[in-house]
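Novice: Sharing a structure here in structure tokens format.
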Amino acid sequence: MSALDPVLQPHYETVLARNPGEQEFHQAVLEVLESLGPVVRKHRHYVDEAVIERLCEPERQLLFRVPWTDDQGRVQINRAFRVEFNSALGPYKGGLRFHPSVYLGIVKFLGFEQIFKNALTGMPIGGGKGGSDFDPKGKSDAEVMRFCQSMMTELYRHLGEYTDVPAGDIGVGGREIGYLFGQYKRITNRYESGVLTGKGLAYGGSQVRTEATGYGTVFFTEEMLKARGQSLSGRRVVVSGSGNVAIYAAQKAAALGAHVVACSDSSGYVVDEDGLDVDLLKQVKEVERQRISAYADQRRAATFVAGGSVWDVRCEVALPCATQNELDTDAARTLLANGVVAVAEGANMPCTPGATRIFREGAVLFAPGKAANAGGVATSALEMQQNASRDSWSFAHTEERLRDIMVGVHERCATAADEYGTPGDYVSGANISSFIQVADAMLSLGVV
Ligand code: NDP
Ligand code: 2IT
């Protein structure tokens, strides 16, 4: 594992100085820059032509007020963001997150990651991210709708199928995308299907988009194991989170013969030694919008543990699918002691830098989020393709495309890691392969 190359040190310091207090953004930048030593030693022009500085500064950052009225008739004010980070490869593409923790530093870290993730998919999409500190928990459908409509009333002027194409992320699923699309259509008087992805199947959504991030994470995990002559079949798996990514990661891992025994939310975790009942999990989380404890209430084999860490549950394959920095060094040591062989980040940056180091040094197969969870945005790009051609594909065909894309992401990471002297290291492979692609495109476009 490489430390920061001295040539790149001043660039990192500039990022710290220009973006004070944005710890998650600093962390995401440092992880990429730490991988780039061998690249800039071989290709000095990336430094000389200021590609690193350009990449670390978003092309555009939007920050605006979202006023809305709650069910009691009180006016509420939230803050919303859209960071349009890099459009060298295509229109800005990336999700919207609604969570009380959202601030500019989180949106920037996510937007920065998205540039590289999107490049890894091989699809023509640039990187962006957005969101709000609005908390959808405990809000009525009508409140969520009024918030989404108000947010889009400002955001619409910055979007377009050739400009910027949001989708979901934490707290933003099919319901929110529907309200956002409805308002966009109303304001613009255009049925511009390709302006948002993650749409419902009834109005231009793609098969497999709902499942894509979780499925893709598992496909990537299978590829890593396959490269070592192993497979997921019969493996004990723990997933963190119990939202969109976690549910479909659990579903696909089980379909491939794994034994998925635990998942979590921010209040605790559930252990189910009979194997998670994914249909029940979907009912509890997607239909009833309940807490994970309600799953245990409805299933005798399951136990809910309030608080605590889901990573205390023994497993061979760990799939962190909740949020950033949820898996720390203590958890990594526990997983290693319990015999973990593979960790794949379904979430964005869920492992702290210390945890990542422990896995990489411990010879655990480790897939960084920008590779492992790229299936979601890749299927968004497939949704855009279908919208552009006014077509809709079958589930089987779309899933096959997703599988091929994840095999391609794995291949790109593995090849770059080999070429730059870090074989088997998917972190450096992902960062190097995507950096070179984006940097070359930027240089071709001139100083813009
Ligand atoms: P959801 O909102 O559907 O689910 C999020 C899950 O993570 C919930 O179980 C939630 O628990 C838990 N969680 C969220 N914040 C915290 C926190 N601060 N502490 C502990 N648990 C938390 O989101 P998604 O499943 O869509 O997203 C999960 C992760 O995957 C995120 O990192 C996202 O950026 C990433 N991702 C999502 C993609 C997508 O297509 N949706 C694509 C690629 C990556 P609780 O309900 O208690 O808050
Ligand atoms: O982090 C991510 O890749 C997403 N939230 C999905 C982005 C998208 O545009 O589908």
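The values are calculated or read from the model by the stated rules, or taken from the named source; none is laboratory data. Since the structure is predicted, the reported quantities are computational estimates derived from the model, not experimental observations. As a convention, Cβ positions derive from the backbone with ideal geometry for all residues, glycine included, and neighbour counts pool all protein chains shown. Surface accessibility is based on the protein's heavy atoms, side chains included, excluding ligands, DNA and RNA. Shrake-Rupley method; radii C 1.70, N 1.55, O 1.52, S 1.80 Å.
Novice: Of the conditions (1) more than 17 Å from the chain's Cα centre (by Cα); (2) part of a helix (DSSP H, G or I), Ile247 clears all except one; give me its number.
Specialist: (1)
Novice: As an exercise: evaluate Gln230 against (1) closer than 21 Å to Leu365 by Cβ; (2) within 16 Å of ligand 1 (Cβ to nearest atom); (3) open to solvent by 10 Å² or more (accessible area, probe 1.4 Å) and give the number of the one condition it does not meet.
Specialist: All conditions pass for Gln230, except number (2).
Novice: Let me ask something additional. Going residue by residue through region 133-143, is there one that turns out to be within 14 Å of ligand 2 (Cβ to nearest atom) and buried (at least 18 other Cβ atoms within 10 Å of the Cβ)?
Specialist: The answer is no, given that none of the residues of region 133-143 is within 14 Å of ligand 2 (Cβ to nearest atom) and buried (at least 18 other Cβ atoms within 10 Å of the Cβ).
Novice: Sort out which residues of region 84-102 are within 13 Å of ligand 1 (Cβ to nearest atom) and surrounded by fewer than 24 Cβ atoms within 10 Å (Cβ to Cβ), and write them in order of number.
Specialist: Within region 84-102, His99, Pro100, Ser101 meet the criteria.
Novice: Still on this structure: For Asp274, all conditions in the list (1) closer than 21 Å to Thr210 by Cα; (2) acidic (Asp, Glu); (3) surrounded by fewer than 19 Cβ atoms within 10 Å (Cβ to Cβ) hold save one; what is the number of the exception?
Specialist: (1)
Novice: On to the next question. Would you mind finding the one in Gly446, Gly346 that is modelled with pLDDT of 95 or more and under 16 Å from Glu223 (Cβ atoms)? If you could, list the steps in order and put the result at the bottom.
Specialist: Numbers: Gly446 fails: under 16 Å from Glu223 (Cβ atoms).
Going through Gly446, Gly346 in turn, just one is modelled with pLDDT of 95 or more and under 16 Å from Glu223 (Cβ atoms): Gly346.
Novice: Name the residues in region 63-83 that are open to solvent by 10 Å² or more (accessible area, probe 1.4 Å), of a type in the set (A, V, I, L, M, F, W, C) and touching a residue at least 40 places away in the same chain (Cβ under 8 Å), would you?
Specialist: Leu63, Phe64, Trp68
Novice: Could you please find all residues in region 325-342 being in contact with a helix residue (DSSP H, G or I) (Cβ under 6 Å, 6 or more places away or on another chain) and either in a loop (DSSP other than H, G, I, E, B) or closer than 22 Å to Gln23 by Cβ (or both)?
Specialist: Leu327, Asp328, Thr329, Ala331, Ala332
Novice: Checking the structure you have, find out if any residue of region 257-267 is under 23 Å from the mean Cα position of the chain (by Cα), away from ligand 2 (no atom under 16 Å from the Cβ) and in a helix (DSSP H, G or I).
Specialist: No - not one qualifying residue is present in region 257-267.
Novice: Kindly indicate whether Pro58 is crowded, with 19+ Cβ neighbours inside 10 Å and free of Cβ contacts under 8 Å to residues at least 60 places away in the same chain.
Specialist: It is true that Pro58 is crowded, with 19+ Cβ neighbours inside 10 Å and free of Cβ contacts under 8 Å to residues at least 60 places away in the same chain.
Novice: Which one is farthest from ligand 1 (Cβ to nearest atom) among residues in region 340-354 that are of a type outside the set (A, V, I, L, M) and either buried (at least 24 other Cβ atoms within 10 Å of the Cβ) or under 15 Å from Gln230 (Cα atoms) (or both)?
Specialist: Cys351
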